[in-house]
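Reading through the structure tokens given below for one structure.
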Amino acid sequence: SGTGTCIVSSAASVTAAFNLIPFDYSLSASGVTLQQGSTGSNTVTVTRTAGTAQPVTVSVGTLPAGVTLTSANNQVCTPTAGSCSVSFSYSASTSATVGSTSVSVSGASSGVAAKSTTFSLAVTAIPTYTLSVAKAGTGSGTVTSNPAGISCGSTCSASFNQGTNVTLAASANADSTFAGWSGACSGTGTCIVSSAASVTAA
């Protein structure tokens, strides 16, 4: 009886019982950083801590506003060699809230208590540049931008998302003529900028 050494010295029958070690596992997840308007991914690892491997269904919990899961959720991972991994992909809208939050990940396997962990999901702002417009000369007029932002006039400086081409248009008042651009643009044709700049319209 018991689990120690068994010694017999006469005719006998003995039964040895062996029980399977129950399967168990742990979860870990890498963090992910998304820029507004971009995509990213992270990895969740299932590590077998006891017993013979069996499938684990891995799920990502509620994401912050403006962030969506673009890969399948509820992915199956079987840690036959000790561990296995699944990847999840995300997309952040251009209006997603900037900041960092904690997102939950859960694992479910038959006959095993559910496991959970968290990872850090950070959203960063789209980089911007500043475009400034000035007016010169003896006449008068306005300068506007496409996309909107500058109406100079009253608003002669604005920020635009990095990589955005901004077209400036000059419109002389009835008693004036447009003499041309200086600074980041020249001549009297279309003025297009795509990085931080200062432009003067005469």
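Every read-out reported here was derived from the displayed coordinates using simple, explicitly stated rules and does not represent laboratory data. In this text, all values refer to a predicted model and were calculated from it rather than measured experimentally. Heads up, the Cβs are rebuilt from the backbone with ideal geometry, glycines too, and the neighbour counts pull from every protein chain shown.
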Whole-Å semi-axes of the chain's equivalent ellipsoid (Cα gyration tensor): 71, 12, 11
So, with points 7 Å from each Cα along the Cβ direction, the residue 39-residue 130 label distance in nm works out to 3.5
Whose amide H sits under 5 Å from the amide H of residue 126, counting only residues 5 or more places off or on another chain, with H placed in the peptide plane? 36
Amide H neighbours of residue 42 under 5 Å, counting only residues 5+ apart in sequence or on other chains, H built in-plane at 1.01 Å? 88
Once the piece of chain linking residue 194 and residue 169 is laid out straight, how much longer is it, given 0.36 nm per residue of separation minus the C-alpha distance between them? 7.5 nm
Going 7 Å from the Cα of residue 151 in the Cα-to-Cβ direction, what parts of segment 164-187 have a backbone nitrogen less than 20 Å from that spot? 166-174
When segment 102-187 is reduced to its Cα atoms, the Kirkwood hydrodynamic radius in Å: 17.1
